[in-house]
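Pasting a structure below so you can have a look.
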Amino acid sequence: MSEEIRRLTKEDISYYKKMQTGLDDDYMLWAFHRIIGGPNHLFGLFVSDELVALSGFTIFKDHYAMLGRLRTDQRHRKNGYGTQIVRYSLEQALSHPDVKWIGANTEQYNKASQAVLKKVGLPPVTLLYAAQTDSLDSLIIDESTRWKEVTEKAKKTDWIRRTYLDPSFNKKVFPLEAYYPFPVSEELFEGSLDDWHFYENADKSRYIILWEEFKGTNYLHVVYPWSDFMEQSGLFRTIQEKLKMAQQKDRETVIWWDLSEAEAALLPTDHPFDLPSPWILHGLSKEALLSDDISESFERANTLIQNVEKELQDLEKILEKETETLEALEDQLNEHTSKE
């Protein structure tokens, strides 16, 4: 029974259609041709010319690799194929010279995927709720004016540096896209500030970032760096006005706002958000992953050396006993010969 792992091509959709993934609505069936090229890398594990597992990764901002799209055929589970293909994807991501961080996202209930990520060395980083709603009207309780938009790139950059890029700032993860938060870095914000709308309050002590993105649904992405959103006059009004403008173009537009577990708990009991199962971000820097590999290699080598040394010591003891036995037999033989 032969095994092979290789990068998938558009022709491999025929193999994928034969897999029994157990998913009722699998977006990969119609998106397969889009997730095998460009920044997307998809790999398949074949056993005797049958596709039994696949996974891959996507490169963001040239420096971040997000693993995902793990699928295992139900008929071949509990054979370690999921771990094998994810480990291969991780190794391929590590081989990219510009990649500095590698991670993955799993829903909180997906214990199987979390177990696989633990096996390949990707620990959990944070848990986020994707809060969604089509209206914030119920949270607007005053007649405060909307926040003022900041259009100068220098001011936008200054806000980012005073918050996310400040080592003392408590938020270390930034939601670059729906479903894709990443640890903050200079590279994460490059090329995006011009596309994002920044708004600041009257005393310029707080700001928000808003932008639209399409992920099957049109989202108005909301990023607020602090946890005091319920105390900020005019914040919800500003977001709601921008939402209504987006809904004039696409009436199905909803807000996407990543909230930590503590932030979700601050919402009033009658809040308008849908809070589906939270997602857990896993990941490590490339440097840490490589150093872990080296540490594990040294540990395995030391264990092997210790095992060999123990075997040699045991062998020496056996030889000593055999020598003693032979010497005793020789003495007995000599004694018997002398008597004759």
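In a shell of Cβ-Cβ distance under 13 Å around His63, excluding His63 itself, what net charge do Lys and Arg (+1) and Asp and Glu (-1) give? If you can, show how the numbers build up before the last one.
Numbers: positive: Lys61, Lys100, Lys286; negative: Asp62, Asp98, Glu186, Glu187, Glu190, Glu287.
That works out to -3.
For the range 39-156, what is Rg from Cα atoms divided by 2.2 N^0.38 Å, rounded to two decimals?
Numbers: Rg = 20.3 Å, N = 118, 2.2 N^0.38 = 13.5 Å.
Against the compact-globule rule of thumb, the ratio is 1.50.
Highest first, please rank the peptides 85-97, 234-246 by the mean number of other Cβ atoms sitting within 10 Å of their residues.
Going from most to least packed, we get 234-246, 85-97.
Keeping the other protein chains in place, figure out the carbon and sulfur percent of the accessible area of the chain, with a 1.4 Å probe.
For the chain, the apolar C and S fraction of the accessible surface comes to 51 percent.
Hey, another quick one. Could the peptides 166-172, 199-205, 148-154 be put in order, highest first, of the mean number of other beta-carbon atoms found within 10 Å of their residues?
My ranking of the peptides, most packed first, is 199-205, 148-154, 166-172.
How many Å² of accessible area per residue for the range 1-43, probe 1.4 Å?
66 Å²
Largest first and to the nearest Å, give the Cα extent of the chain along each principal axis.
Sorted from largest, the Cα extents of the chain read 123, 50, 40 Å.
Counting only heavy atoms of protein chains, what accessible area per residue, in Å², does the range 80-194 have with a probe of 1.4 Å?
So the range 80-194 comes to 52 Å² accessible per residue, rounded to a whole number.
Moving on to the next point. Do the alpha carbons of any pairs in Lys17/Lys242; Lys118/Lys171; Lys119/Lys156; Lys61/Lys249; Lys111/Lys249 sit beyond 32 Å of each other, and which pairs? Please list the in-between numbers first.
Details: Lys17/Lys242 42 Å; Lys118/Lys171 24 Å; Lys119/Lys156 40 Å; Lys61/Lys249 28 Å; Lys111/Lys249 39 Å.
Check vs 32 Å cut-off fails for Lys17/Lys242; Lys119/Lys156; Lys111/Lys249.
For the range 136-194, compute the orientation-averaged projected area of the C-alpha convex hull (one quarter of its surface), in nm².
5.9 nm²
Continuing with this model, one more query. Put +1 on the Cβ of each Lys and Arg and -1 on the Cβ of each Asp and Glu in the range 209-281; which of Gln248, Pro272, Phe214 then has its Cα farthest toward the positive end of the dipole?
Gln248
If you take every residue apart from Tyr224 with its C-beta less than 11 Å away from the C-beta of Tyr224, what net charge results, scoring Lys and Arg +1 and Asp and Glu -1?
Numbers: positive: Lys171, Arg206; negative: Asp228, Asp258, Glu263.
Counting the neighbours of Tyr224, the net charge comes to -1.
Moving on to the next point. Enter the Cα centre distance for the pair the range 91-131 and the range 1-64, rounded to the nearest angstrom.
First find each Cα centre; the distance between them is then 18 Å.
Around Val125, under 14 Å between beta carbons, what's the net of Lys plus Arg minus Asp minus Glu among the other residues?
+1
The values are calculated or read from the model by the stated rules, or taken from the named source; none is laboratory data. Note that the structure is a prediction, hence the values are computed from the model and not measured. No Cβ is skipped: glycine too gets one built from the backbone with ideal geometry, and neighbour counts run over all protein chains shown. Surface areas here come from the heavy atoms of the whole protein model, side chains and all, with no ligands, DNA or RNA. Shrake-Rupley method; radii C 1.70, N 1.55, O 1.52, S 1.80 Å.
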